[in-house]
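One structure is given below, encoded as structure tokens.
The values are calculated or read from the model by the stated rules, or taken from the named source; none is laboratory data. These numbers were taken from a predicted model, which means no experiment stands behind them. Heads up, the Cβs are rebuilt from the backbone with ideal geometry, glycines too, and the neighbour counts pull from every protein chain shown. To get the accessible areas, we keep the full protein, side chains included, count just its heavy atoms, and leave off ligands, DNA and RNA. Shrake-Rupley method; radii C 1.70, N 1.55, O 1.52, S 1.80 Å.
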Amino acid sequence: MSPDDIGFDPDDAPELDDEWFERADLSIAGKLVQRGHRPGETERLVLPTEIVERFRAHGPGWQIRIEDALKEWMAEHPERL
């Protein structure tokens, strides 16, 4: 099969190097469980252990659940920001 038969040349695919994997999102069964590192788009945040443990207790995706909970709270309480 030639590249013309399938519409692209597989040799043109990007190299999957360490940087690519560092920036990649991780999904399990179609559900995002970990965002890749994107310099300038994320910040590190220190949270009380009690909060982190409660989210971690529900398995993979705990960081995304914290993010979603914060976004929900911000939408419901814009006056408190």
_Please count how many residues of segment 44-76 are out of contact with any helix residue (DSSP H, G or I) (no Cβ under 9 Å at 6 or more places or on another chain) and among the β-branched types (Val, Ile, Thr)._
3
_Selected residue (only one of 30, 7, 59 is surrounded by fewer than 12 Cβ atoms within 10 Å (Cβ to Cβ) and at pLDDT below 85)_ = 7
*When residues of segment 33-47 are limited to those that are open to solvent by 70 Å² or more (accessible area, probe 1.4 Å) and at pLDDT 85 or above, the one nearest to residue 70 (Cα to Cα)*: 45
*Collect the residues in segment 17-29 that are under 13 Å from residue 64 (Cβ atoms) and more than 10 Å from the chain's Cα centre (by Cα), keeping them in residue-number order.*
28
